[in-house]
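K.L.:
Questions regarding the structure given below will be posed in turn.
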Amino acid sequence: MPDNLELLHFYNIYNDRRNKWKIGINKLNFNIENYKNIKTKIFLYVLWSILLFIYFFELLLNLLFVIYIQNINIIVKTIFIFSIFEIITVILLTSQSIYGYSYDSSIILQKSSQSFFILSIWCFFKLLFYTILTILLSVFSNSNITLNTQFIYFSNKTLYFNSLMKIIITITAVKFVLTFFTGQKINYVFSCIRTSTILKSKIRKDLEKKSFLFEDQTYGTFTMDFNA
């Protein structure tokens, strides 16, 4: 009899929620729809805002250096071009993520998550490249080796360039961490939406035939009145 009462309890919950799917299924002790609560929304929008700010800040810093220092070298030009393409990419990915999150589109969020992971890998390789490059240029600038001035500054410009590279390396490291973390959070939301969709679809089917899937993967059908 206790088993029958437990089954009746779950059946009543299913039955009560049958036409109220938009409210959620947390009463079944599933927390997969927590991504919709206010706390998660605020966290995601703050995360996207910080990410955009970091990329904008790097672009602005490179732009100021290009304007302030005349006859910039190839390295600074390359970094500036990279920052332009990156900010465009981040704006597009963030807009895509916000749209997918607002409309619970798992397909869009999955693509966005994968793109953020790819961008984080790009930032990681850039970080390695900038670090190695800064070390090499520092060694060459302190030696008697003569280099083409298109690649390295001398005199007072060297100080500005070294300072710029240190700041860029720090920003790139922050970008790598934030971009990777953003991809993880978006992937979490995608997983929640997909799981919620699958579970709701399954519950609908179970309700239509008034059956319940037991732990041993067998179905039991409610053919008797448990209230009797």
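The values are calculated or read from the model by the stated rules, or taken from the named source; none is laboratory data. If you're wondering where the values come from, they're calculated on a predicted model, not measured in any experiment. Positions of Cβ are generated from backbone atoms using ideal geometry, with glycine treated the same way; all protein chains shown enter the neighbour counts.
K.L.:
Check Y55, Y68, Y14 and return the single one that is surrounded by 14 or more Cβ atoms within 10 Å (Cβ to Cβ), in contact with a helix residue (DSSP H, G or I) (Cβ under 9 Å, 6 or more places away or on another chain), aromatic (F, W, Y) and modelled with pLDDT under 80.
P.N.:
Answer to the check: Y14.
K.L.:
Looking at I91, I107, I81, I132 in this structure, which one is loosely packed, with under 15 Cβ neighbours inside 10 Å, modelled with pLDDT of 95 or more and under 31 Å from the mean Cα position of the chain (by Cα)?
P.N.:
Result of the check over I91, I107, I81, I132: I91.
K.L.:
List, please: which pairs have Cβ atoms under 7 Å, are six or more places apart or on different chains, and start with a residue in the stretch 32-57 that is within 30 Å of I79 (Cα to Cα) and end with one that is exposed (fewer than 13 other Cβ atoms within 10 Å of the Cβ)?
P.N.:
Final answer for the pair search is none.
K.L.:
Could you tell me how many of the residues in the stretch 99-108 are touching a helix residue (DSSP H, G or I) at 6+ places or on another chain (Cβ under 7 Å) and assigned to a helix (DSSP H, G or I)?
P.N.:
Looking only at that region, the number is 5.
K.L.:
Consider L159 against the criteria (1) assigned to a helix (DSSP H, G or I); (2) surrounded by 13 or more Cβ atoms within 10 Å (Cβ to Cβ); (3) at pLDDT below 95: it satisfies all of them except one. Which criterion is unmet?
P.N.:
(2)
K.L.:
Moving to a separate point now. Scan the stretch 166-198 for residues that are of a type in the set (S, T, N, Q), surrounded by fewer than 17 Cβ atoms within 10 Å (Cβ to Cβ) and within 12 Å of Q110 (Cβ to Cβ) and jot them down. Spell out how you get there, then give the answer.
P.N.:
Filtering the stretch 166-198 down to residues of a type in the set (S, T, N, Q) leaves 170, 172, 179, 182, 184, 187, 191, 195-197.
Then drop every residue that is not surrounded by fewer than 17 Cβ atoms within 10 Å (Cβ to Cβ), which leaves 170, 184, 191, 195, 197.
Hit for the stretch 166-198 is S191, nothing else.
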